[in-house]
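One structure is given below, encoded as structure tokens.
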Amino acid sequence: MKAHGLLLAGALMLVTNAIALLGVARNRTAPPLETVQLTERELPREAVDKENSGVSLRFQWERYSVGHTDQYGWLDRSKLEELGFDCQAVLRDPKHPPLERPAFLALEYNGPAWEERLKAMENQPNDVRRYTSPLNSRLFIVNAAKRPEALFEKYRDRERYVIVRGLIHVAVFNWDPATRKPGPDRLQGSVSRLLPESIHVPPSLSAGLASLGPNYTVTLSYGRRFEPWLVTRP
């Protein structure tokens, strides 16, 4: 019986690996939907421990709000309901927020949102400089949708925008960032994470990436399943 169980476990592992490989192959069968170049500011290396010698890069996007503005101001009630949240139910029971919902996200790289951040550094230096440095990511999440087609139509500049998958979270707060005092309950939507959160660097590229030191640029491609892979590095 023990040997039979081991055979079943081995067979299950083989099937699981085969399904995963088929998924990877299907993702990359057609020409990439998107290709984008990012730097160490947007894709920093993940910490490596002694038990794991592999190299991974994790997505890092800008989360800090400029001044008293809301970083996710575009993620208002109308947008949240469009993404499938029952906002009235959330307000009725704020102590039990709903589960995260999947969505397609528009990431903007080194565009108007980053330029606004730089201007804010000039206008509000004491407030902004504490959170802004030359190492800040220039990726900003600027929109979300249940399906990717509308985002591809709206954000056509493929060097500046990339459409990815992620998870949306909503909660209720009563803190008013403008007055810095408690106020009426309000919905607060946010992006909890991107999917995937990190990208594995294949051995064929990891050695070259390590030789670049702290500053590097990498090229990502996204396939039919919106799963990214590292293509090359300049």
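FYI, it's all coordinate maths here, none of it is from the lab. Keep in mind that this is a model prediction, so the values were computed, not measured. So basically every Cβ, Gly included, is an ideal-geometry build from the backbone, and we count neighbours across all protein chains shown.
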In nanometres, what is the gap between the two model label sites at Leu91 and Arg186, each 7 Å from Cα along Cα-to-Cβ?
1.3
Starting with the fewest neighbours, write out Thr39, Thr179 ranked by other beta-carbon atoms found within 10 Å of each beta-carbon.
Thr179, Thr39
What FRET efficiency comes out for the pair Asp157/Glu100, r = Cβ-Cβ distance, R0 = 45 Å, nearest 0.05?
0.95
I need the calculated FRET efficiency for the pair Arg224 and Arg58, taking r as the beta carbon distance and R₀ as 22 Å, to the nearest 0.05.
0.40
With r as the distance between the Cβ atoms of Leu212 and Lys146 and R0 = 41 Å, compute the FRET efficiency 1/(1 + (r/R0)^6) and round to 0.05.
0.60
What distance in nm lies between label points placed 7 Å from Cα along the C-beta direction at Ala178 and Leu118?
2.9
To make sure I understand, if each residue's beta carbon is the centre and we count other beta carbons within 10 Å, what order do His96, His200 fall in, fewest to most?
His96, His200
